[in-house]
Amino acid sequence: MDPEPRTEPRLAAGEDLPLVSIVISSYNYARYLPEAIDSVLAQDYPNVELIVLDDGSTDETRRVLEAYSLDLFYRETQENMGETRTLNKGWRMSRGSILAKLSADDVLLPGAVRSAVEHLRTNPDTVLTYCDFEVLDEDSNVIRRVTAPEVSYRDMVVRFVCPPGPGSFFRRKAFEAVGGWDERFRRLNDQEFYLRLGLRGRFRKIPEVLAGYRLHGGSQSFAEGDERAAQEFLHLISEYYATQEVPPEVMAGKREAFGNAHVQMARAHFVRRRYAKGLAEVAKALRSSPGNVLRPDKARVLLHGLFPRSWYGLFVRLVRAREFAKERLAGGRAASHPSTRR
């Protein structure tokens with residue numbers, strides 16, 4: 001199916017283009033960092049500021065950075081201070097009116113920056129853009145493509161749906177208005193920020209594949225976390241509903257939101273094999289919102305907590321087997337129809 005025609009005007013040559021500042025925080029990701037940096041340097045948008053902060057890495061990260069010319073981007077090596085503080089530091093030292101982060105193991109695809117700028121400039125009610133993305137394995141092979149959901153602000157709060165993934169860009173004014181990322185949160189630092197940012201304006205989806213998210217054994221998706229990290233779901237939703245800015249439709253979903261927080265906490269405990277604590281959170285979720293917990297999507301969350309790594313390994317093997325079978329089938333067809341061969 002052909003892509004839908006674009007409705008937003010392209011940026012015209014010679015326009016006064018806003019500066020876009022992209023911050024990469026890297027900790028022991030020397031293997032992937034060059035691909036992340038190169039994906040930013042290869043963007044066709046001419047006004048990009050790249051800031052790479054090495055957060056006290058103990059691998060070859062410094063050597064990777066030294067291989068690049070000093071005039072290509074700003075780089076700095078610091079003592080380890082964690083992703084949240086590092087990103088806040090990078091954004092505050094940046095000069096752009098549009099901001100973004102890129103994980104050191106992710107990539108931007110061609111046109112990502114230009115497309116985000118187009119949408120932000122033509123939609124003044126939008127504070128953040130996000131896009132569809134590819135899931136990559138450790139060797140940068142595409143495992144699958146993810147179509148990011150179109151969700152309401154209510155879904156973001158109540159259902160813990162957090163659509164902005166890699167390739168998200170937001171306005172500096174909105175960032176400064178909400179105060180940046182909350183450094184108390186380690187696991188939900190981005191989601192907590194997006195809930196505050198969503199009160200300032202619309203999140204607009206760009207229906208294009210513009211980024212790559214890398215899935216590997218050391219990625220955030222597989223970070224098992226301690227009990228404090230599991231508690232962040234409850235802290236997040238409790239603090240949110242204690243604010244004075246909760247929209248009425250979001251306030252109406254308060255019980256469901258707390259039920260979903262307990263489901264997420266159960267999953268986090270199951271990942272670490274704290275089964276008794278996980279079951280206790282399931283019981284709390286049932287008390288908060290019994291009908292909601294029985295929905296298929298919540299069952300998948302809990303099952304993923306019970307079998308996260310094994311499911312991923314099986315999934316990758318199945319995808320690779322399918323692609324191999326398709327290649328063999330295509331080769332067989334070409335051999336049986338010599339006229340199709342060059």
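Let's see how each residue does on (1) closer than 23 Å to Asp105 by Cα; (2) surrounded by 21 or more Cβ atoms within 10 Å (Cβ to Cβ); (3) touching a Lys or Arg at 6+ places or on another chain (Cβ under 8 Å); (4) among the aromatic types (Phe, Trp, Tyr):
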position: Leu136; (1), (2), (3), (4): yes, yes, yes, no
position: Arg144; (1), (2), (3), (4): yes, no, no, no
position: Val161; (1), (2), (3), (4): yes, no, no, no
position: Gly167; (1), (2), (3), (4): yes, yes, no, no
position: Ala174; (1), (2), (3), (4): no, no, yes, no
position: Arg214; (1), (2), (3), (4): yes, yes, no, no
position: Leu236; (1), (2), (3), (4): no, yes, no, no
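With the requirement that a residue be of a type in the set (D, E, K, R) and either more than 20 Å from Met156 (Cα to Cα) or surrounded by fewer than 13 Cβ atoms within 10 Å (Cβ to Cβ) (or both), what does segment 256-301 give you?
From segment 256-301, those of a type in the set (D, E, K, R) are 256, 267, 272-274, 277, 281, 284, 287, 295, 297-298, 300; that's our starting set.
Arg272, Arg273, Arg274, Lys277, Glu281, Lys284, Arg287, Asp297, Arg300 - these are the residues of segment 256-301 that are of a type in the set (D, E, K, R) and either more than 20 Å from Met156 (Cα to Cα) or surrounded by fewer than 13 Cβ atoms within 10 Å (Cβ to Cβ) (or both).
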I want to confirm something. Restricting to segment 192-205 and keeping residues that are in a strand (DSSP E or B) and surrounded by fewer than 21 Cβ atoms within 10 Å (Cβ to Cβ), which single residue is farthest from the chain's Cα centre (by Cα)?
Arg202
Among the residues of segment 236-254, write down those that are assigned to a loop (DSSP other than H, G, I, E, B), small (Gly, Ala, Ser) and under 15 Å from Met156 (Cα atoms).
Ala252, Gly253
Filter pass, Glu150 being among the charged types (D, E, K, R) and out of contact with any strand residue (DSSP E or B) (no Cβ under 7 Å at 6 or more places or on another chain):
no
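So that you can scan it fast, the table gives a plain yes or no per residue for (1) of a type in the set (Gly, Ala, Ser); (2) under 13 Å from Leu302 (Cβ atoms):
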residue: Leu234; (1), (2): no, no
residue: Ser238; (1), (2): yes, no
residue: Pro247; (1), (2): no, no
residue: Gly259; (1), (2): yes, yes
residue: His262; (1), (2): no, yes
residue: Met265; (1), (2): no, yes
residue: Arg272; (1), (2): no, no
residue: Glu281; (1), (2): no, yes
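Would you point out which residue out of Glu49, Glu35 is part of a strand (DSSP E or B), under 24 Å from Val117 (Cα atoms) and at pLDDT 95 or above? Steps first, please.
Working: Glu35 fails: part of a strand (DSSP E or B).
Of the residues listed, the single one that is part of a strand (DSSP E or B), under 24 Å from Val117 (Cα atoms) and at pLDDT 95 or above is Glu49.
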Within the group Val52, Val64, Val107, which residue is within 30 Å of Val161 (Cβ to Cβ) and among the β-branched types (Val, Ile, Thr)?
Val107
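The values are calculated or read from the model by the stated rules, or taken from the named source; none is laboratory data. Keep in mind the model is a prediction, meaning the values are calculated, not measured. Counting neighbours? That spans all protein chains shown, and the Cβs are built from the backbone with ideal geometry, glycine included.
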